[in-house]
Structure formats: C-alpha cells, structure tokens
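Below you'll find the structure, written out as structure tokens, and then a few comments.
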Amino acid sequence: MKDANEDKKNRRRSERLAVGDEVKGRIKPTMEVRILNISQHGMLLESPCGLPPKGLCELTIEAPSGPRVIKARVARCRAQMVKQDDGNVAIRFHTGLDFPEELAEGLEVQELISEICTLEAPVEDIAVKATTSRIEQAM
C-alpha cells in the first residue's frame, strides 16, 4: 500500500532541494521571508504573514552573488506553528510559489539552485547542468 506522502512527492514536477540555513529574501520590499527549499519549478517560503493564493509576487533573494529578483505565483499558503531558537512557539506561514514556465525552463533558476543549495541536498543534475552551462558560456 502506498504512503500518502509518497503519492504527494511523486506528483511534483521536479525534486525539492534543501537550501542553506540563512537564505533570506523579501517580498516587495517590506516582508522578510526565509527560503525553506527550492526546485526547478518553485520554492517554499516561511514568512510572518500569509500571501493570497493565486496572487503574483516579486521575491528578492539575497544570494551570495547578490540580490536576485524572481516573479512567481502563490500556489498555497498555510499557517504553521514553528519553534523558535528561544524555545517559544510562533505562528509562521509556509507559502508555496510556482515559477512561470519561461523562468523554470531557463538558466536563471538552475544557477540560483546551484548557488543557494546546501551540499548535502539531494541535487539531481540541475546544479551540474547550471555549472556546465556557465563553463560553456565562458568558452
């Protein structure tokens, strides 16, 4: 019998990858967010406020190479109880964003993934493709 989580995972268009602990961003320019994971087709954010599903947002990601601006559609937003560093519990919102197809199919997302994902993340060949593309462009 299949596990419900396994079915949910198999419906994804691309594998989610873990990002570094301190990858932050902003939604138009006041709401600070933390990026929890990213894939070729979207990402999961944690924020202090909810975002309306089906709404469009502009996200500025603080990548090591500098700020990156990405536009995405809010697929879902759910309230979560999150344990903070001081041991207290706070309400945070987990928001799933979908990238537009033209962005998902381009090099920009691949390069961002290779830049912000942790080494122990289950990286398919996305980062390898992005690195190969940069090398080919430099030649």
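Output the residues belonging to region 86-110 that are among the charged types (D, E, K, R), within 19 Å of R26 (Cα to Cα) and either under 14 Å from the mean Cα position of the chain (by Cα) or assigned to a helix (DSSP H, G or I) (or both).
Step one: of region 86-110, the residues among the charged types (D, E, K, R) are 86, 92, 98, 101-102, 105, 108.
Narrowing further to those that are within 19 Å of R26 (Cα to Cα): 92, 98, 108.
D98, E108, listed by residue number.
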(request) Kindly establish whether I27 is farther than 19 Å from I113 by Cβ and at pLDDT below 95. (result) yes
(request) Taking the options R73, R78, name whichever one is modelled with pLDDT of 95 or more and touching a Pro at 6+ places or on another chain (Cβ under 8 Å). (result) R73
(message) Against the conditions (1) assigned to a loop (DSSP other than H, G, I, E, B); (2) modelled with pLDDT of 75 or more; (3) of a type in the set (D, E, K, R); (4) within 18 Å of F99 (Cβ to Cβ), where does E22 fall short? Just the number, please.
(response) (4)
(message) Quick check on my filter: what residues within region 61-89 are in contact with a strand residue (DSSP E or B) (Cβ under 6 Å, 6 or more places away or on another chain), over 14 Å from G50 (Cα atoms), free of Cβ contacts under 8 Å to residues at least 40 places away in the same chain and of a type outside the set (S, T, N, Q)?
(response) E62, P67, V69, K71, A72, V82, K83, V89
(request) Specify the residue that is farthest from E108 (Cα to Cα); the eligible residues are those in region 45-84 that are in a strand (DSSP E or B) and of a type in the set (S, T, N, Q). (result) Q80
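The values are calculated or read from the model by the stated rules, or taken from the named source; none is laboratory data. All values derive from a computational prediction rather than experimental measurement. When we count neighbours, we look across all protein chains shown, and the Cβ atoms used for this are built from the backbone with ideal geometry, even at glycine.
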